[in-house]
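Accompanying notes for the structure given below.
Any read-out appearing in this document is the output of simple, stated calculations on the displayed coordinates, not a laboratory observation. Here the structure is a predicted model, which is why all the values come from computation and not from measurement. When we count neighbours, we look across all protein chains shown, and the Cβ atoms used for this are built from the backbone with ideal geometry, even at glycine.
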Amino acid sequence: MIVPHLGGVMPIYLERMNNQLAHALEDTGLRPGDVARLLYYDSVSHSSEVALHAACRSLGPDRLLLGSDYPALEYFEPYPRSTNYIRQSGPPPADIGAILAGNASNLFPPQTSSRRR
């Protein structure tokens, strides 16, 4: 499952959810943060570097996929900005490469064609 928009406010609330839900729900052995790290998240955030940093720290850069919200985001910012902000926000180069292409390649590997004649 790919959650849109870096998970919204969830990355900044994961620790709170981990702390509070343990008191409200039966223990399943998984904390909300553990479950959140099973999902993937697109990088659409209206170029918010703060949101990207929060998602990288709480979810992990390996859970983030390039997203564009094209054409809707075009009303707010030019399309190239939706990818350039990832490069400009300061993650390590390996994380940038993973977010822009590597994670999606791992999640959706190319299919080999097996045509029958």
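Restricting attention to the range 60-115, which chymotrypsin sites (Phe, Trp or Tyr not before Pro) occupy a DSSP loop and are surrounded by at most 14 other Cβ atoms within 10 Å?
Answer in residue order: 76.
Of [x] 36, 35, 25; [y] 46, 28, 25; [z] 56, 44, 28, which one was derived for Cα extents along the principal axes in Å from the structure shown?
Computing Cα extents along the principal axes in Å and matching it to [x] 36, 35, 25; [y] 46, 28, 25; [z] 56, 44, 28 gives [z].
If you take the beta carbon distance between residue 100 and residue 23 as r and set R0 to 41 Å, what does 1/(1 + (r/R0)^6) give as a FRET efficiency, to the nearest 0.05?
0.55
At 7 Å along the Cα-to-beta-carbon direction for both residue 77 and residue 48, put a label point, then send me their distance in nm to one decimal.
Computed distance between label sites residue 77 and residue 48 equals 1.1 nm.
Just to be sure I understand the model, the point goes 7 Å from the Cα along the line to the Cβ. What's the resulting residue 15 to residue 111 distance in nm?
The answer from the label model is 4.3 nm.
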